[in-house]
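The values are calculated or read from the model by the stated rules, or taken from the named source; none is laboratory data. Keep in mind that what you see is a predicted model, and the values were worked out from it rather than measured. Here the Cβ positions follow ideal geometry from the backbone for every residue, glycine too, while neighbour counts run over all protein chains shown. Remember, those area values only see protein heavy atoms, side chains included, never the ligands or the DNA or RNA. Shrake-Rupley method; radii C 1.70, N 1.55, O 1.52, S 1.80 Å.
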Amino acid sequence: MKTLATAAIVTAAAVQASFAVTAFQNQVGFLTNSQKQLVIANDAATDSTAAVADSAATADSAVSVAADSAETPSADAASENEVVFMNEAGEEVLKVAIPEKSIWAPAGDSAALIDFSEITTPGTYQAFVGGKTVGHPIVVSDTAYKEMTKGALRFFYFQRSSTALEEQYAGVYARGMGHPDTAVKYHESTGILDANATKAAPKGWYDAGDYGKYIVNSGITTYTLLQLYQQNKEYFKDFSLNIPESDNDVPDILDEIRWNLEWMLDMQDTDGGVFHKLTTKQFAGMVLPEKATAQRFFIGKGIEATWNFVAVMSLASEIYAPFDSAFAKKCILAAEQGFKWGSLNPFAYFEQPKGVSTGTYTDAVLWAVREWSWAELFRATNNENLRDTLSSIHTKVKNPSLQGWNNNFFLTIFTIATNPSVFPKDMVDSAQDVVISMADNFVKSLDNNSYGVAMGIGDFYWGSNSVAANKGMVLIHAYIITKEQKYLDAAIGIVDYLVGRNPLDISFLTGFGEKSPMHPHHRPSAGDTVIAPIPGMLVGGPNASANDCKSTKVYPDAKAKSYNDNSCSYATNEVAINWNAPFAYLVGSIQAIASTGKAYDMETKPSVQHELVKNPTTRISAPKFATGSRLVFKNGAVQVEKTNLDGTKMFFDLHGKAIR
């Protein structure tokens, strides 16, 4: 695998170095009857593009490049002002004039967008400018996104905790079992002070490049994958992921999601509250899971994790009901208990304890996650006692933020907008307006956009590729609502960007494309003996604020080039479950629409609506405090100071709202 990948990279680098014009394109494949575009750019490589090529090329220096073997148009007929597309037989199939080039600010170079959607015959093609090969082979197929979808979903199998990965499913990436998590201790931040007490919470997915398991990030991740299935049931019914559960009667995507759901259920305390995370106190080294053996703890218990839990379990209870009614009932009962705890403990915020350095996942927009949980629980139950909460849900927000682990507003909007049979019409109309308005902004950003991607200069921060993928999710929902092609085309443009149509000429999905990351910040990939990383991982991408290792360079005038394919670069090259999930949703939804010829029917009613059980829940505040509380005068106002058991202090206003 290494030799093939390196050969492709070196070939591309050699070809582009030889000519004054280069092309950036989707390196994986184009759907037969969908939009097809590539970028023609001036050949003005920055240090960053050279670094990406050099990183791969040095891995195997004994590669011969034969760039002269391609069929080319006759020199007499060749023009520097047009792109000629030829098929495998060397026949010209399309000629497109190159429009005037313009600057796409995030790239900082001159480029033109070429549309070749007229090519609708499956096959492999090549683009030429002035008789010279530009770009990579162009693959057109009815199933161009299928393997990307499979790879992006299989990533979650490779992230499984508490199990060995067997060779028949993992191939060369087989490994031993890490983190059984059958005797997890309670950190004092949970309010449980018995230092010897343990509880089992196996399974779940490793969160990112590290081995922690975090409820807040699992929330949006699991929801996104559940929605992918919910909206494309026909396509995913028999979609094989080659996982240990593939032989049962449940869709593989649901089997994989359940691995995480079962861990989430074990994260619920006996009072209904949910522990924030399960990690060691410090991050492990860059080793395989079975070699990271430090004691693991339940850390914190708070409202952020609990509301995430309620939302996910509510949705899961409906989706799994046709396959396992007992499991579905377990999910809805857990959601109800979480709802009660959350209602009784509205100010139980999680604060990172002293002595713990693993991921925090704090500062979530609490009203947004709370309202998301209300919407999901109501959809799953149609409970009249919950109907009053609907009037409190925001479906109109000025300048709404894109969905992310720290702001779940759009998850609420997605659910309401696509369930007109469940929610009041005024709420549905308002939610649909929010989706369409944001999607229209993305489409408008394509005007005079020479790279044809709905990414602006302010989008290149930590996890910029997930920004792109989440924008794609908004666009898919706009297409579901309106069936207008412009939204689907804009979503396809985002896929193209992520797998090659970018100024770095790289597919950000490991193992896919002519050139893809070889050194992600991912402990299993860094700790094994396989040269190529685990395939199907979407790396974080360009980050103009990256400051992680000496080899990472940022380009203020070309932010989309601020990327470092190095395992030390956690700020540009880490992977994460909440980044892979929207990418899987994006490519999976587009492939499903292309394969089935239809998008999700919003009139589809929930398969079941559960009846809530009225069980009283005792209020147990979390965390417990060591020295009580006192009034203090701080920042010009009277505040309540509370001291945690570890000595950290929290401050509240006189109404009980936490002051950050």
Matching residues, region 528-551, being touching a residue at least 40 places away in the same chain (Cβ under 8 Å), more than 16 Å from GLY171 (Cα to Cα) and out of contact with any helix residue (DSSP H, G or I) (no Cβ under 6 Å at 6 or more places or on another chain): SER545, SER551
Filter result for VAL443 (closer than 16 Å to GLY108 by Cα, free of Cβ contacts under 8 Å to residues at least 60 places away in the same chain and of a type in the set (A, V, I, L, M)): no
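Take ILE299 and decide whether it is modelled with pLDDT of 95 or more, over 18 Å from LYS330 (Cα atoms), part of a strand (DSSP E or B) and out of contact with any Gly (no Cβ under 9 Å at 6 or more places or on another chain). Full working, then the answer.
Details: modelled with pLDDT of 95 or more: yes; over 18 Å from LYS330 (Cα atoms): yes; part of a strand (DSSP E or B): yes; out of contact with any Gly (no Cβ under 9 Å at 6 or more places or on another chain): yes.
Against the criterion (modelled with pLDDT of 95 or more, over 18 Å from LYS330 (Cα atoms), part of a strand (DSSP E or B) and out of contact with any Gly (no Cβ under 9 Å at 6 or more places or on another chain)), ILE299 qualifies.
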Lone unmet requirement of (1) open to solvent by 40 Å² or more (accessible area, probe 1.4 Å); (2) at pLDDT below 70 for GLU603: (2)
Qualifying residue in region 273-289 (condition: part of a strand (DSSP E or B), open to solvent by 10 Å² or more (accessible area, probe 1.4 Å) and aromatic (Phe, Trp, Tyr)): no
Selection from region 189-219 of residues that are part of a strand (DSSP E or B) and open to solvent by 10 Å² or more (accessible area, probe 1.4 Å): THR198, LYS199
Selection from region 151-188 of residues that are part of a loop (DSSP other than H, G, I, E, B), open to solvent by less than 20 Å² (accessible area, probe 1.4 Å) and not hydroxyl-bearing (Ser, Thr, Tyr): GLN159, GLY178, HIS179, ASP181, HIS187
Of all residues making up region 404-420, the number that are open to solvent by less than 10 Å² (accessible area, probe 1.4 Å) and either outside any loop (DSSP other than H, G, I, E, B) or in contact with a Phe, Trp or Tyr (Cβ under 6 Å, 6 or more places away or on another chain) (or both): 10
Qualifying residue in region 189-207 (condition: touching a residue at least 24 places away in the same chain (Cβ under 8 Å), out of contact with any Lys or Arg (no Cβ under 9 Å at 6 or more places or on another chain) and hydrophobic (A, V, I, L, M, F, W, C)): yes
Any hit, region 220-234, residues being within 22 Å of SER607 (Cα to Cα), in contact (Cβ under 8 Å) with a residue 40 or more places away in the chain, assigned to a loop (DSSP other than H, G, I, E, B) and not hydroxyl-bearing (Ser, Thr, Tyr): yes
Matching entry among SER79, SER117, SER102 (being touching a Gly at 6+ places or on another chain (Cβ under 8 Å) and of a type in the set (Gly, Ala, Ser)): SER79
Residues of region 572-582 that turn out to be small (Gly, Ala, Ser) and out of contact with any Ser or Thr (no Cβ under 7 Å at 6 or more places or on another chain), as a count: 1
Total residues in region 477-504, condition open to solvent by 10 Å² or more (accessible area, probe 1.4 Å) and either in a loop (DSSP other than H, G, I, E, B) or among the aliphatic types (A, V, I, L, M) (or both): 4
Filter result (touching a strand residue (DSSP E or B) at 6+ places or on another chain (Cβ under 9 Å), surrounded by fewer than 24 Cβ atoms within 10 Å (Cβ to Cβ) and either assigned to a loop (DSSP other than H, G, I, E, B) or on the phi > 0 side of the Ramachandran plot (or both)) within region 514-539: GLU514, ASP528, PRO535
